[in-house]
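Take a look at the structure set out below.
The values are calculated or read from the model by the stated rules, or taken from the named source; none is laboratory data. Please read all numbers here as calculations on a predicted model, not as lab measurements. All Cβ positions, even for glycine, are placed from backbone atoms using ideal geometry, and neighbour counts span all protein chains on display.
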Amino acid sequence: MQDYNRELLQFIEQSPTAWHAADTVAKTLEKAGYTRLEEQDDWSLHAPGKYYVTRSGSAVIALNLPEKPENFLIMAAHDDAPAFRVKCGGEEKNLGLYTRLSVEKYGGMLCSTWLDRPLSVAGRVAVRTKNGVELRLVNIDRDLLLIPNLAIHMDRSANEEKSYNVNVDMLPLMGGAGMEKGLNALLAETLGVAEEDIVSRELNLYPRTPGCVWGAENEFVSAPRLDDLQCVFGCMQGFLQVEQPACATVLCVFDNEEVGSGTRQGAASTFLDDVLCRAWEALGNTNAQYRAAVSRSFMVSADNAHAVHPNRPEFADRNERPALNAGVVIKYNAAMNYTTDGYSAAVFQEICRRAEVPVQSYSNRPDLRGGGTLGHISLSQVAVPTLDIGLAQLAMHSCYETAGAKDTSHLVAAARAFYACAYRPAKQGFTL
Ligand code: CO
C-alpha cells in the first residue's frame, strides 16, 4: 500500500484556507491535463475530455468524460474548516500596551486548541488595478499571532470548568501598542502592492504547527484541517488515478460546509447541477436526457467521522465504534442526516470488497446529536443515490486533529475503485 501521508501533509500546508485549497486542487488538475472552464462562457466540450470549473475561488468541480458517458460517479468533500475570521475593523489597541486583532468565529471550533500556539493570517484580498479590481490569495507565511491563555494562578478553576467568549478570550495578540506596521501594511508587503490599493479582504487565522506522522509504529497522522482536507486529498488522488473511466467521473469540492453550506459555492447551491447539466447539454444532450443520466448516477459524500476516543470511549456508540487505521467509515443515521441507505451502502461495500479496502460503520450514540454532512444538503439540488463516508479521526474541530496513518491510503484505494467501476442501476438493484 502506497503511503500518501507526506503528500497529504504537503497538500494541507499549501491549503491554509478554502481559497488556497481550491487553488491547490485547481493547480493539481491543470498538471494532470484538465482544461479550465469559466461559468460565464459558452462551453464546447469533447468526449473523451477532462475539464474543471471553479466558483467564488473556493469550490471546484472536475469532470472526466469517457467517450460515451451515460451517468455520473460523484465524490464530494469540503475544503473549509472552523477558524477565526479577522473582522474588517482589524487591529485594536489595548491597555496602551498591546495590539490585538478583532475576530469572529467561522464554524464551531474547539476554542482551547487555538491558545498558546503560533498562528498566522491567510485568505484573499481584493486589490485595485489599472482597470478594476483583482482578487489575490495571500498568506503571511510566518509566526505572526498568538492567543495567550490565562495563567492557572489567575483562574484556579480553569482545569475544572472553562468557557471561552470569542469577544473576550480569543483575540490574538499581534504586537505592542507602538507597532508600526498594521495588518494591511503586512498584506500589502506580502502581495507587493500599495496599502491604499487594498479594497477589501477575507482573512482567517490558521495554526502554524506543521502536520506530522507519529506513534510507536507511525500509526497516526496529525495536522490542522484533516476534516475535511484528508477527504479532499483522498478523493482527488482516486479521481486522478482513474484516467479512462467507464462512467463520467466527478470530483466535487465545496466550501462553507462548516457554516451550513448555504452559499453559492456551498453544497446547497446549484453549482453541481449547473456544471453537470451544462456539460451534458454541451455534449449534445437534451435537458431530459440530463435528468435521465442523473437518475442513473451515484454519489459519495466524504467527510471525516469520529473514532472511538482512547480516554472517553463512553461518547461513542456501544457497538459502532470506528477505529483508526481500520478502513473507510460508512455513516448511518435513522433521521437521515447521513444519506446512507441499504441501497447506497450495498453499492459502496461491494466496490470496497472487490478492491479489498476495509470498511467499518458509524452511528451517533442514539442519545447524542451528531453533525450534518454535505450529502443530504447536495441531494436537494442533484438527487442521486448517495452515501456518507469518512475517515475515523480524533478531536474533530480541534485546530490540530488526529487520524490513522493507514486510512489515507484506504480512502485513496476506495475512491480509485469507485471511480473505476461501471455502476448502473438495475430493476432490482444495480450492476458494477
Ligand atoms: Co467536515
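For region 300-345, name all the residues that are away from the ligand (no atom under 16 Å from the Cβ), outside any loop (DSSP other than H, G, I, E, B) and touching a residue at least 12 places away in the same chain (Cβ under 8 Å). Those that are away from the ligand (no atom under 16 Å from the Cβ), outside any loop (DSSP other than H, G, I, E, B) and touching a residue at least 12 places away in the same chain (Cβ under 8 Å): Phe315, Tyr332, Tyr343, Ser344, Ala345.
Scanning region 73-104 for residues that are within 16 Å of the ligand (Cβ to nearest atom), assigned to a strand (DSSP E or B) and in contact with a Lys or Arg (Cβ under 8 Å, 6 or more places away or on another chain) gives no hits. Filtering region 331-382 to residues that are exposed (fewer than 15 other Cβ atoms within 10 Å of the Cβ) and either basic (Lys, Arg) or more than 30 Å from Trp280 (Cβ to Cβ) (or both) leaves Ala334, Ala335, Arg353, Arg354, Glu356, Pro366, Asp367, Leu368, Arg369. Does Gly108 meet the test of being within 16 Å of Met174 (Cβ to Cβ), of a type in the set (Gly, Ala, Ser) and not in a strand (DSSP E or B)? Here the answer is no, as Gly108 does not meet what is asked. Scanning region 208-227 for residues that are in contact with a helix residue (DSSP H, G or I) (Cβ under 7 Å, 6 or more places away or on another chain) and surrounded by 15 or more Cβ atoms within 10 Å (Cβ to Cβ) yields Gly211, Val213, Val221, Ala223, Pro224, Arg225.
Listed here are the residues, each with its yes/no results for (1) in contact with a strand residue (DSSP E or B) (Cβ under 6 Å, 6 or more places away or on another chain); (2) outside the structural domain of Thr373 (by TED's automatic domain parsing); (3) of a type outside the set (Lys, Arg).
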{"position": "Arg6", "(1), (2), (3)": "no, no, no"}
{"position": "Phe11", "(1), (2), (3)": "no, no, yes"}
{"position": "Glu67", "(1), (2), (3)": "no, no, yes"}
{"position": "Cys88", "(1), (2), (3)": "no, yes, yes"}
{"position": "Arg100", "(1), (2), (3)": "yes, yes, no"}
{"position": "Leu115", "(1), (2), (3)": "yes, yes, yes"}
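Consider Tyr419 carefully, then state whether it is surrounded by 18 or more Cβ atoms within 10 Å (Cβ to Cβ), in the same structural domain as Arg264 (by TED's automatic domain parsing), at pLDDT below 95 and among the aromatic types (Phe, Trp, Tyr). No.
I'd like to check something: does region 271-278 contain any residue that is closer than 24 Å to Val328 by Cβ, in contact (Cβ under 8 Å) with a residue 24 or more places away in the chain and within 14 Å of the ligand (Cβ to nearest atom)? Looking through region 271-278, none of the residues is closer than 24 Å to Val328 by Cβ, in contact (Cβ under 8 Å) with a residue 24 or more places away in the chain and within 14 Å of the ligand (Cβ to nearest atom).
Restricting attention to region 357-367 and to residues that are over 24 Å from the mean Cα position of the chain (by Cα) and in contact (Cβ under 8 Å) with a residue 12 or more places away in the chain, the residue that is nearest to the ligand (Cβ to nearest atom) turns out to be Arg365. Might you check whether a residue that is over 30 Å from Gln381 (Cα atoms), in contact with a helix residue (DSSP H, G or I) (Cβ under 7 Å, 6 or more places away or on another chain) and not assigned by TED's automatic domain parsing to the domain that holds Glu258 occurs anywhere in region 142-157? Yes, some residue in region 142-157 is over 30 Å from Gln381 (Cα atoms), in contact with a helix residue (DSSP H, G or I) (Cβ under 7 Å, 6 or more places away or on another chain) and not assigned by TED's automatic domain parsing to the domain that holds Glu258.
If the condition is being within 16 Å of the ligand (Cβ to nearest atom) and surrounded by 19 or more Cβ atoms within 10 Å (Cβ to Cβ), then region 246-262 contributes Cys252, Val253, Phe254, Asp255, Asn256, Glu257, Glu258, Ser261.
Of all residues in region 383-416, those being of a type outside the set (Gly, Ala, Ser), buried (at least 24 other Cβ atoms within 10 Å of the Cβ), touching an Asp or Glu at 6+ places or on another chain (Cβ under 9 Å) and not in a helix (DSSP H, G or I) number 7. A Cβ distance below 8 Å, combined with a sequence gap of six or more or placement on separate chains, defines the contacts here; from region 86-103, residues that are basic (Lys, Arg) reach residues that are part of a strand (DSSP E or B) and exposed (fewer than 13 other Cβ atoms within 10 Å of the Cβ) in the pairs Lys87/Glu104; Arg100/Asn94. Can you confirm whether Ala392 is within 16 Å of Ala417 (Cα to Cα) and either touching a residue at least 60 places away in the same chain (Cβ under 8 Å) or within 15 Å of the ligand (Cβ to nearest atom) (or both)? Against the criterion (within 16 Å of Ala417 (Cα to Cα) and either touching a residue at least 60 places away in the same chain (Cβ under 8 Å) or within 15 Å of the ligand (Cβ to nearest atom) (or both)), Ala392 does not qualify. Within region 52-72, the presence of a residue that is more than 16 Å from the ligand (Cβ to nearest atom), more than 30 Å from Asn184 (Cβ to Cβ), among the hydrophobic types (A, V, I, L, M, F, W, C) and outside any strand (DSSP E or B) is excluded.
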